[in-house]
Amino acid sequence: MTAFRKFVVKLEEQLSNSLPGTAAQIKMAPITRLIELERERTEEEPRKSAVLILFYPDREKTKLVFIKRAIDQTVHSGQISFPGGKYENSDINLKMTALRETEEEIGIDPKQVTIIGSLSKLYIPPSNFDVYPFVGFLLKKPQLNGNHEVQHILEVYFDELRKPGTCVEKAIFHRTGKEVLVPSYAIQNEIIWGATAMMLAELLKITEGT
């Protein structure tokens, strides 16, 4: 069994256990999130969305995929995220949402993806979304093609996210127009912060020692 297959088998087992949820996510929660949760939780039912945390082997190591969203007028413009998007009525379930959006955004055929579990749901105050993160893998390195919603694609060795100096505080311009310090993962000259960093924190927690 290859190192990648061993990683996937172990990860599937870890995802089947009780998840740390908020206890792990909070490590990467910006202070602005706590304020937004207090001020902006609406009476409207949160909309549903799903993302795909996608692993694949490359040079005997494990990689995963992020996208940098295109610059536009949306709330999460220009941010690093996992591929994914909002639930559509035509989707059978949220897993299909994650797979459909991933195909649309980076060209991955859903038939090539094996889903092995999911992380804890996460509420996003600015857009009033509940996000459901699914975890899956490909058997080989893919050909990735970003659509118009994607500025560029980041392919990251999973081990790099654990290196000293990767988890740092960075100043960002918040949507309120103020500069704030946020916990983040600095990788490939980009910073991963906010909801994506919180999901990643849970993933890193459950795979400690793997």
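Taking the condition of being within 20 Å of residue 185 (Cβ to Cβ) and either free of Cβ contacts under 8 Å to residues at least 40 places away in the same chain or of a type in the set (D, E, K, R) (or both), how many residues in the range 105-161 meet it?
Total meeting the criteria: 3.
Taking the range 128-165 on its own, how many of its residues are surrounded by 15 or more Cβ atoms within 10 Å (Cβ to Cβ) and in a loop (DSSP other than H, G, I, E, B)?
Qualifying residue count for the region: 6.
Among the residues of the range 127-149, how many are over 17 Å from residue 63 (Cβ atoms) and of a type in the set (A, V, I, L, M)?
Total satisfying the criteria: 1.
So, in the range 5-22, how many residues would count as being loosely packed, with under 15 Cβ neighbours inside 10 Å, under 15 Å from residue 208 (Cβ atoms) and in contact (Cβ under 8 Å) with a residue 60 or more places away in the chain?
Looking only at that region, the number is 2.
Please verify whether the range 94-101 includes one or more residues that are assigned to a strand (DSSP E or B) and of a type in the set (Asp, Glu). Break it down stepwise before answering.
Initially, the range 94-101 is screened for residues assigned to a strand (DSSP E or B), giving none.
Checked the range 94-101: no residue is assigned to a strand (DSSP E or B) and of a type in the set (Asp, Glu).
Each value in this text was obtained by applying a stated rule to the coordinates, not by laboratory testing. The shown structure was predicted, so the numbers you read here are calculated from the model rather than taken from an experiment. In this analysis, Cβ positions are derived from the backbone assuming ideal geometry, glycine residues included, and neighbour counts consider all displayed protein chains.
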